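Have a look at the structure below before the remarks.
The values are calculated or read from the model by the stated rules, or taken from the named source; none is laboratory data. The structure displayed is predicted, hence computed values, not measured ones. All Cβ positions, even for glycine, are placed from backbone atoms using ideal geometry, and neighbour counts span all protein chains on display.
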Amino acid sequence: MVSRVIPVSPFDLVIFGATGDLSRRKILPALFRRMRAGQMPENSRIIGAARTKMDSAGFRDFVRESMAEFEPTAKDTPEVLETFIAALEYTPIDAMGDAGWKPLKKLIRKDTVQAFYLSVGPSLFGEIAHRLHVHGIATPESRIVVEKPLGHDLASAKDLNKRLGECFEEHQIYRIDHYLGKETVQNLMAIRFANALFEPLWNSKYVDHVQITVAESIGVEGRGGYYDKSGALRDMVQNHMMQLLCLTAMEPPAKFNADFVRDEKLKVIRALDPLKVSDTVRGQYRAGGGEASYIEHAENPDSHTESFVALKVNISNWRWAGTPFYLRTGKRLRARMSEIAVVFKDPPHSIFEESNHRKGNTLIIRLQPDEGITLRMTIKEPGPGGMRLTEVPLDMSFADALGPDAIVTDAYERLIMDVIRGDQTLFMRGDEVEEAWAWIDPLIAAWEADSSKPAPYDAGSSGPEDALALLHRDGRRWREIDV
Ligand code: BG6
């Protein structure tokens, strides 16, 4: 099965910070792939805007080089690559001053979809939004795209929302959380709400607990400066993990539209119990398996920044009271593995002998690698000799089931096209972001006030012992981090 391409309207997409890392690694290759898939209308344009002084011809050369580095297969379809390059324009701009805004205004067509992608540091978000507004460049239909960090606490997130809100309406603001663009994250909604099978069981009566794991094998090398000020709680939990938690726990929205889905996610965040520090673990990797320690890449040699977080989260509502959600994420763990595991309760009564007793079912929704779903079932062990039970997986990899071409693996491809289409379902609303900070802030404050060091774990391991203990004390255990 090959993925269906839904056409979008012609557009002018302005990338602020077009010569930067995100643009070169993610945004431009994603746009190229959409063009190769036939989704980019002919008279669409990508306008680079950055501080560097160059003209459109210079930018085209720059992008050609950068595609060779970050999208090497582009050369296999030279005619698409040339059409893509021809769609590029460039205009130098001073985000903090007035230079460059008039030429930009002249360049942008009023009669097409206009989107402004702010691929710049967060301190420039407000500045650029303001200038787009005062120079009369943005129209009431233009879209503005920003990406994390959307604040570093509640106060700064509010301030950012306020500044964007002074220039753009909420329906124009697209806050990217690239996890929402992942195929399986959206599939979570399809699995839950397009099948009658799971939803009746999706509650504390039948679900013992839920485990959400985002494990990374990479460390922080190269990003030590940013990461040391952020840590895993801000970098991964406040945004990506919260989104996974919300989509797993939310009530069915009446319709699959942006505000209905976002309303339901917001209700989950509001129902979260305040975190008890005793229900949290922070860790930091030390050297192991030939890999350097966190500290070797951190700015501060005595850094207490966490590279690992585990949390026990309680949701106080009718559906989930009594069913904990355990979240863990970390860098330099044994493998890159992200999944949501819904662990069901044991059957209420076993008719089989106790020695045969097996645990209840687990539904595993695999985000990466090899997106798919597994349902662990108990069956009879084959062969004579009585009723012996064993556990087997009912396994489905999306690539096997649908064909590798059906899987669009890059979140940016989907999200950028959704911006053009004007669909905000997979973007965060301002109130969601603020509510998530309001919930996380007290834990950040508690950890900052605590002078003890994060629990150490070996690079290449499954995380600190304390994280194992967090589940052990509840008579549960984490699933293996493995591929
Ligand atoms: C980013 C974080 O938002 O997500 C990174 O800043 C992290 O620290 C990355 O590595 C993980 O994304 P993915 O798509 O590789 O799971």
Exercise. Return yes or no: is V309 within 16 Å of the ligand (Cβ to nearest atom), modelled with pLDDT of 95 or more and crowded, with 22+ Cβ neighbours inside 10 Å?
Key: yes
Practice problem: Among the residues of the range 312-351, write down those that are touching a Ser or Thr at 6+ places or on another chain (Cβ under 6 Å), more than 16 Å from the ligand (Cβ to nearest atom) and assigned to a strand (DSSP E or B). | Solution: A341, V343
Quiz item: Assuming V207 fulfils every condition listed in (1) away from the ligand (no atom under 16 Å from the Cβ); (2) among the hydrophobic types (A, V, I, L, M, F, W, C); (3) over 23 Å from A341 (Cα atoms); (4) crowded, with 16+ Cβ neighbours inside 10 Å apart from one, which condition is it?
Solution: (3)
Quiz item: Is it true that some residue in the range 93-101 is under 21 Å from I416 (Cα atoms) and either at pLDDT 95 or above or of a type in the set (D, E, K, R) (or both)?
Solution: no
Quiz item: Just for the range 450-468: of the residues that are touching a residue at least 60 places away in the same chain (Cβ under 8 Å) and part of a helix (DSSP H, G or I), which one is farthest from the chain's Cα centre (by Cα)?
Solution: D466
Practice problem: Check G231, G225 and return the single one that is within 16 Å of the ligand (Cβ to nearest atom), surrounded by fewer than 19 Cβ atoms within 10 Å (Cβ to Cβ) and of a type in the set (G, A, S). | Solution: G225
Exercise. Could you please tell me which pairs satisfy a Cβ distance under 6 Å, a separation of 6+ or placement on different chains, a first residue in the range 122-150 that is closer than 13 Å to G17 by Cα, and a second residue that is polar (S, T, N, Q)?
Key: none
Practice problem: Name the single residue, out of those in the range 409-423 being of a type outside the set (D, E, K, R) and not in a loop (DSSP other than H, G, I, E, B), that is farthest from Q368 (Cα to Cα). | Solution: I420
Exercise. Quick one: in the range 314-336, of everything that is β-branched (V, I, T) and in contact with a helix residue (DSSP H, G or I) (Cβ under 7 Å, 6 or more places away or on another chain), which residue is nearest to H209 (Cα to Cα)?
Key: I315
